[in-house]
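The next block holds one structure in the form of structure tokens; read it before the comments.
The values are calculated or read from the model by the stated rules, or taken from the named source; none is laboratory data. Keep in mind it's a predicted model, so treat the numbers as computed, not measured. Note: ideal-geometry Cβ built from the backbone for every residue, glycine included; neighbour counts use all protein chains shown. These accessible areas exclude ligands, DNA and RNA; they are computed on the full protein's heavy atoms, side chains included. Shrake-Rupley method; radii C 1.70, N 1.55, O 1.52, S 1.80 Å.
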Amino acid sequence: MRPVPRGRGSTDPDLRDRLYELLEHDPLAYSVGSRFIQLIIGVIVLDVAAMILASVPELDAQFGALFAGITILSVIVFALEYAARLWTVAGHTQRTASALSDRLGYVFSALGIIDLLAFLPAAIVLATGRHATLAALGVLPFFKLVRYSPAMRSLLAAVHAERRALIGCIVILIGAVLTFASLLYAIERDVQPDKLGTIPQAMWWAIVTLGTVGYGDVVPVTAFGKFISVFTIISGFAMIALPVAIISTAFAEEVKRRDFVVTWGMLARVPLFSHLSASEIADIMRLLRARTIEQGEILVRRGDAASSMYFITAGEVEIALPNQQVRLADGTFFGEIALLHKTKRSGTVTATRKTRLLVLDAQDFHALIERMPTLAAHVHKTAKARLEGSGDLAVAELAQAEREGTDPLRAQPFFRKTYSAE
């Protein structure tokens, strides 16, 4: 993001930056931005539902004023959102350009056009009073969900990435339609002049047959025509399978890329990994898996077997120990003591709000600290500080570990070396 000159009053760039973050950032459920997104989605659903119900004459006669009020409210909300996005986008693009250029870029972008179509046609129809047309336009706000749905964005990105291959599929499909339509026209034009007397009529048959729809309104009656239909139907399977395979593969790759970016961003929030090189972070990313827990959800319980270590990238958890409660927030980690001591969980971990975590399995944890001494030293140091600073932390579990002969002070050479150095 390039710097924006500071101003005063309503044009203060700080206000514009804060509003931009509110509109564009993908926040957690407890944040103001998330509540704004929920509001917009609620208005979209309400507007689309109102337009659908308004097309029923009985409901429209009874609740027409309510439906009109919902439409007016939706137009106002979407127009204000569009104006806010148009104002805040200046200075927040990757290009080094003027504010006008940034705003024009948003206006003519795919999302900008969707945002505009969500309210402008409905506003025009409201002004002209064409009620039936207004109901037909009710579906347009639905496409605003593309902005708030990662899956829909990933699918559109996949289609855009494979647009050349998909255009090639369309060209092949057009060629198949022309080929089979011409063949059936030559065979059946004298037998069925009313249905296959021209190539455009035969093209309708070819399209529904290649699409494996087969309406039955146009079918060949000659033996040779039926023989051609067999190859047309078989070719139709290939016409469907080809673009589906292209899109599904591209969609899977897009999801992988998105998960990579999301995981990288989550790793950047954990101070433990801040000193690592890009290659080391990429190595760790293959071991970590992302997880989100809702407010009030219990992640682990006291006495559970220790199977993972957890890194908090956003949110907060509360660890209920026998004699105290500990809260951990963004950038912290927990679960390392039970893994190091190879014992059971010493506390029950509950999310105090929606929390995003990175999970490292026990086997990968031990392999990781063996490969990265610096990382291991930090983990061991934190574990020791927690044991010394929390009087009741894992007392029963540590005693059990000692009885079973799995105390890491004796079982982990590096752990012993780290402690003796301190």
Can you work out which of the residues in segment 151-190 that are without any contact (Cβ under 8 Å) to a residue 12 or more places away in the chain, of a type in the set (D, E, K, R) and in a helix (DSSP H, G or I) is surrounded by the fewest Cβ atoms within 10 Å (Cβ to Cβ)?
164
Going by the conditions given, is residue 320 of a type in the set (A, V, I, L, M, F, W, C) and surrounded by fewer than 13 Cβ atoms within 10 Å (Cβ to Cβ)?
no
Might you check whether a residue that is in contact with a Gly (Cβ under 9 Å, 6 or more places away or on another chain) and open to solvent by less than 70 Å² (accessible area, probe 1.4 Å) occurs anywhere in segment 264-284?
yes
For residues in segment 287-305 being among the small types (Gly, Ala, Ser) and either assigned to a strand (DSSP E or B) or open to solvent by 70 Å² or more (accessible area, probe 1.4 Å) (or both), which is nearest to residue 352 (Cα to Cα)?
290
